[in-house]
Amino acid sequence: MDEKVLLGHGSGGNMMRRIIDEVFFAGYGNEDLAVGNDAADLPAPQPGERIAYSSDSFVVTPHFFPGGDIGHLAVCGTVNDVATSGAVPKYLSSSFILEEGFPTEDLKRIVDSMRRVAQEAGVEIVTGDTKVVNRGHGDGVYINTSGVGFIPAGRQLGGQYIQPGDRILVSGTLGDHGITIMSCREELSFHADLQSDAAPLNHLIEEVLQAAPETRCFRDPTRGGLASTLNELAEQSQVDMVVEEDAVPVKPAVRGACEMLGYDVLQVANEGKMVAVVPAAQAEAALAAMGSNKYGADAAIIGEVVEADPRRGARVSIRTNFGSLRILDMLVGEQLPRIC
């Protein structure tokens, strides 16, 4: 295998065959992928089940960072997007846009990372594509992943089902991913070690649904953070949400970094956290289920859903340490570009 990616690796000929066989098939190959057709032939869901499908692209820099890399992030991000619908993720596609000159060893590291996290999530990468662009016309590697999962019969999740009285949960500390990427990119150092929270959360979601079957919805607070996620959900269901500032879990190092840099931690991106809205009667059960999963050790109930004033529409507020309420707005613009 060549030490660096060359334009010929995207040509469709023998060189492309070589990179597919020696990097992708060797890295995360399986029986479905090895067939080599343009489309995977996969089993259909059971009667009454529905299909969930999601697609995402990943352009993060740097490509490797504490707690993960662009490949790890690509699998986690798409698995989590599919899982938020209540689906059981099953299959992924993986398409690479490579820049001429990208080190082959780095590509193998990324592919191996994808294999390991896909195995943890219980999904298979069954199809893909490879393109190579001229040197200087890319940024090493971009990845697009699509995911397919099956929603069990009778399961209905979505922001439209949120009701006043529901409780808002988050599966762990906020801001870890965004601050880690920013500190790596800007070569900032902190006294405490920071690492990305990127993780596959499909098993955590299933455990919550077993404990709290009437859960209204899940949402992963990625770009725009918790603030943008809650505003989207409030608008979708036309309710108000009130978050208790003291209840929101944040690591001291992340909070300190945000204060130093002027960021609102509630607007910073996360890649391994999940927001759940649950009926009040099932909130403690959902919290216990989150806490029993290794990715939910710092889970917390952080707020509640209340009636919205019909004269002004939906709104998200946060109750501060002083007992006052302030509006929690969506992120405007791009706080931390290219964090995923």
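Using a 1.4 angstrom probe, figure out how much accessible area the chain has per residue, in square angstrom, rounded to the nearest whole.
Heavy-atom SASA per residue in the chain reads 44 Å².
Within region 139-247, list the GluC sites (Glu not before Pro) lying in a DSSP loop whose Cβ has at most 10 other Cβ atoms in a 10 Å radius. Please report the intermediate quantities before stating the final value.
Numbers: sites: GLU186, GLU187, GLU206, GLU207, GLU214, GLU232, GLU235, GLU244, GLU245; in loops: GLU186, GLU187, GLU214.
Loop-located and lightly packed - GLU186, GLU187.
Quote the charge dipole size of the chain about the Cα centre in Debye, to the nearest 20; the model charges only the Cβ of Lys and Arg (+1) and of Asp and Glu (-1).
On the way: 27 positive and 47 negative charges, 62 e Å.
That gives the chain a dipole magnitude of about 300 debye.
With the convex hull built on the Cα atoms of region 199-263, state its orientation-averaged projected area in nm².
With every direction weighted equally, the projected area is 6.0 nm².
Where the only charges are on Cβ atoms (+1 Lys, Arg; -1 Asp, Glu), what is the dipole of region 215-340 about its Cα centre, to the nearest 20 debye?
Magnitude of the dipole: close to 200 debye.
Using the Cα centre of region 244-340 as origin and beta-carbon charges of +1 (Lys, Arg) and -1 (Asp, Glu), tell me which of ILE339, ALA297, MET274 is placed farthest towards the positive end of the dipole.
ILE339
When the chain is fully extended, how far beyond the present Cα-Cα distance does SER292 get from ARG155, taking 0.36 nm per residue of separation?
On the way: separation 137, 0.36 × 137 = 49.32 nm, distance 2.29 nm.
Residue separation times 0.36 nm, minus the Cα-Cα distance, leaves 47.0 nm.
Which value in Å does the Kirkwood hydrodynamic radius of the chain take, with 1/r averaged over all unlike C-alpha pairs and then inverted?
The answer is 20.9 Å.
Charges at C-beta only: +1 for Lys and Arg, -1 for Asp and Glu. How large is the resulting dipole of region 233-299 about its Cα centre, in Debye rounded to 20?
So the magnitude is around 340 debye.
Stick to the Cα atoms of region 1-140, pair each with every other, and give me the Kirkwood hydrodynamic radius in Å at one decimal.
15.8
Can you pull the Rg over Rh of region 1-61, Cα-only, Kirkwood?
Checking Rg against Rh, the ratio lands at 1.09.
Two decimals, Cα atoms only, Kirkwood Rh: what is Rg/Rh over region 101-254?
On the way: Rg = 19.2 Å, Rh = 19.1 Å.
That ratio equals 1.01.
Apply the Karplus curve 6.51 cos²θ - 1.76 cosθ + 1.60, θ = phi - 60°, to the phi angles in region 160-175 and return the couplings in whole Hz, x for Gly and Pro.
Each residue of region 160-175 in turn: 5, 8, 5, 10, x, x, 5, 9, 10, 10, 10, 7, x, 5, 9, x Hz.
Once the cut-off is 14 Å, how many percent of the Cα-Cα pairs in region 45-127 end up in the long-distance tail? Could you put the intermediate results ahead of the total?
On the way: 2203 of 3403 pairs.
Considering region 45-127, 65 percent of its Cα-Cα pairs are separated by more than 14 Å.
Just the number, please: carbon plus sulfur as a percent of the accessible area of the chain, 1.4 Å probe, no ligands or DNA/RNA counted.
Of all accessible area on the chain, carbon and sulfur atoms account for 48 percent.
Name the long-range amide H neighbours of PHE150: under 5 Å, sequence gap of 5 or more, or other chain; modelled H, no Pro or chain starts.
ALA52, VAL88, LYS90
With N residues in region 135-218, what two-decimal value do you get for its Cα radius of gyration over 2.2 N^0.38 Å?
1.56
Please give me the summed charge of the neighbours of HIS203: other residues whose Cβ is under 11 Å from its Cβ, Lys and Arg +1, Asp and Glu -1.
That sum, taken over residues with Cβ under 11 Å, equals -2.
If you take the alpha carbon radius of gyration of region 285-334 and divide it by 2.2 N^0.38 Å, what ratio comes out, to two decimals?
1.56
Which net charge results for the neighbourhood of ASP329, defined as the other residues with beta-carbon distances under 13 angstrom from its beta-carbon, given Lys and Arg at +1 and Asp and Glu at -1? Intermediate values should be presented prior to the final figure.
Numbers: positive: ARG315, ARG326; negative: GLU232, GLU235, ASP264.
With Lys, Arg at +1 and Asp, Glu at -1, the net is -1.
How long, wide and thick is region 207-340, going by the Cα atoms along their three principal axes, in whole angstroms, largest first?
42, 40, 31
Positive end of the charge dipole of region 28-157 (Lys, Arg +1 and Asp, Glu -1 on Cβ, about the Cα centre): tell me which of ILE70, ASN80, GLY36 has its Cα farthest that way.
My answer, from the dipole projection, is ASN80.
In what order, largest first, do THR84, THR180 sit by accessible area if the probe radius is 1.4 Å?
THR84, THR180
Work out the charge dipole of the chain with +1 on the Cβ of Lys and Arg and -1 on the Cβ of Asp and Glu about the Cα centre, then indicate which of VAL5, GLY48, ILE19 is farthest towards its positive end.
It is GLY48.
In what order, largest first, do TYR53, TYR142, TYR91 sit by accessible area if the probe radius is 1.4 Å?
Reading off the accessible areas and sorting them downward yields TYR53, TYR142, TYR91.
Cβ under 14 Å from GLN282's Cβ, GLN282 left aside: what net charge do those residues give with Lys, Arg +1 and Asp, Glu -1?
So the environment of GLN282 carries a net charge of -3.
The values are calculated or read from the model by the stated rules, or taken from the named source; none is laboratory data. These numbers were taken from a predicted model, which means no experiment stands behind them. A quick note on method: Cβ atoms are made from the backbone with ideal geometry, for glycine too, and the neighbour counts reach across all protein chains shown. These area figures cover heavy atoms from the full protein model, side chains too; ligands, DNA and RNA do not enter into them. Shrake-Rupley method; radii C 1.70, N 1.55, O 1.52, S 1.80 Å.
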